[in-house]
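Visitor: Would you mind keeping the following structure in view while I ask a few things?
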Amino acid sequence: MSWTAADIPDQTGRTAVVTGANGGLGLETARALAATGAHVVMAARNQDKAAEAVADIRRGTPDASLVLVALDLGSQASVRDAAERILAAHEKLDILVNNAGVMGIPERRTADGFEMQFGVDHLGHYALTVLLMPALLRADAARVVTVTSTAHHMGRAVDPANPHLDGKYGPWRAYGQAKLANFHFGIGLQRRLAAAGAPAASLIAHPGLSNTDLQAVSVRETGGGLSQRFFHRLARSTGMSPEEGARPQLRAATDPEAKGGEFYAPRFVNSGSPARRPILRRIGMDDAIARLWEVSERETGLKFDSLSSTAARSSGTP
Ligand SMILES: NC(=O)c1ccc[n+]([C@@H]2O[C@H](COP(=O)([O-])OP(=O)(O)OC[C@H]3O[C@@H](n4cnc5c(N)ncnc54)[C@H](OP(=O)(O)O)[C@@H]3O)[C@@H](O)[C@H]2O)c1
């Protein structure tokens, strides 16, 4: 039986934060969560597009509970600002979908000097998750869903001596590293939450090949790169709709049967119904996760080491 958004249980009373909620998979994720009753914090960079996204969701769900928060994952200051605003307005958070991303672009740097794909796709989400954790731990059973890609298979684990690929940059090498970092982050976070006995879970999802703006942006940014045009054509001709592509992350975020550490993806790799998939590439994973944490803590200056004390504070334990 195929799982669709119609299988999402009632989300009334729950609050979800979705990054990149102004388009593509993020918009479909926000739309489905709002339609099932969740209050959705749409964290987005381009605010004109975000306002259109809100209007678009409200055309189908007039009473959707939505709030926009400006978030540029390529600026740690913006991530801190967005987190402060979210925390100021929401005592608890039930769902965080780390969805936003860029793919296969030319070498660029974030405001903090990070390589752009690693900086936006991973380090921005790492920082956001650390900062939102106190509110996530106040929920009964929060879920953090981090969106990776089949590109994680071609990624190399981050090298603490050169995380920003100085002198070694390639658009696909950087994307592979960033999406493998998403994969390892989701698993590493679950391990830490479980070890701390925290009432929250971390899951990973990948959308298969979905016809969104992702490929068009990479074509535009590279001035019409050959491989970028190939993936653009492939997504246009064989990709799933954004609504279908969002299903794995929606299932990871809402299926009552889903558990921390699980990985949801289309059944047939790039298309099909969202299903739980095995975690592969386990050899060397512990070391890769440890190195990712070392780099993430060093580059953002933020740590998850207060997980258990935050959990204790949240439940009123001194
Ligand atoms: N589509 C696929 O086939 C596919 C396959 C595998 C994995 N994925 C993953 O799915 C996720 C969503 O991608 P998509 O397919 O929905 O692509 P998309 O339509 O291009 O959407 C990407 C989203 O990321 C946002 N974003 C980019 N840079 C940002 C930044 N610096 N700060 C905040 N937001 C930023 C974009 O916002 P702006 O409008 O402001 O740029 C947009 O909302 C990504 O993580 C991607 O790697 C997609």
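Visitor: Which ones in segment 241-282 are of a type in the set (Phe, Trp, Tyr) and within 23 Å of ALA16 (Cα to Cα)?
Guide: PHE263, TYR264
Visitor: Within segment 204-257, track down each residue that is outside any helix (DSSP H, G or I), open to solvent by less than 30 Å² (accessible area, probe 1.4 Å) and either modelled with pLDDT of 95 or more or near the ligand (Cβ under 9 Å from one of its atoms) (or both).
Guide: ILE204, ALA205, HIS206, PRO207, GLY208, LEU209, SER210, THR212, GLY239, MET240, ALA246, ASP255
Condition check ((1) away from the ligand (no atom under 16 Å from the Cβ); (2) part of a helix (DSSP H, G or I)) across all residues:
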| site | (1), (2) |
| --- | --- |
| LYS92 | yes, no |
| GLY101 | no, no |
| PRO106 | no, no |
| LEU131 | no, yes |
| PRO134 | yes, yes |
| VAL145 | no, no |
| VAL158 | yes, no |
| PRO163 | yes, no |
| ASP166 | yes, no |
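Visitor: Follow-up question, since we're still on this one. Between VAL97, VAL79, VAL54, which is crowded, with 20+ Cβ neighbours inside 10 Å and within 22 Å of PRO199 (Cα to Cα)?
Guide: VAL97
Visitor: From the list ALA21, ALA44, ALA70, which residue is in contact with a Ser or Thr (Cβ under 8 Å, 6 or more places away or on another chain), open to solvent by less than 20 Å² (accessible area, probe 1.4 Å), under 21 Å from THR300 (Cβ atoms) and within 11 Å of the ligand (Cβ to nearest atom)?
Guide: Every option except ALA44 fails the conditions.
Visitor: Here is a further query. With away from the ligand (no atom under 15 Å from the Cβ) and part of a helix (DSSP H, G or I) as the only criterion, which of ALA82, ALA6, ALA50 stands out?
Guide: Within the list ALA82, ALA6, ALA50, the selection yields ALA6.
Visitor: Out of segment 194-217, which residues are farther than 18 Å from THR148 by Cβ and touching a strand residue (DSSP E or B) at 6+ places or on another chain (Cβ under 6 Å)?
Guide: Matches in segment 194-217: ALA200 only.
Visitor: Please work out if VAL40 is assigned to a loop (DSSP other than H, G, I, E, B) and modelled with pLDDT of 95 or more.
Guide: In short, no.
Visitor: Quick check on segment 111-120. Is at least one of its residues open to solvent by 10 Å² or more (accessible area, probe 1.4 Å), within 14 Å of the ligand (Cβ to nearest atom) and within 19 Å of GLY23 (Cα to Cα)?
Guide: Yes, segment 111-120 contains at least one residue that is open to solvent by 10 Å² or more (accessible area, probe 1.4 Å), within 14 Å of the ligand (Cβ to nearest atom) and within 19 Å of GLY23 (Cα to Cα).
The values are calculated or read from the model by the stated rules, or taken from the named source; none is laboratory data. Being a predicted model, the structure only gives us computed values, none of them experimental. Ideal geometry is used to build each Cβ from the backbone, glycine not excepted, and the neighbour counts take in all protein chains shown. SASA here: full protein model, heavy atoms, side chains in, ligands and nucleic acids out. Shrake-Rupley method; radii C 1.70, N 1.55, O 1.52, S 1.80 Å.
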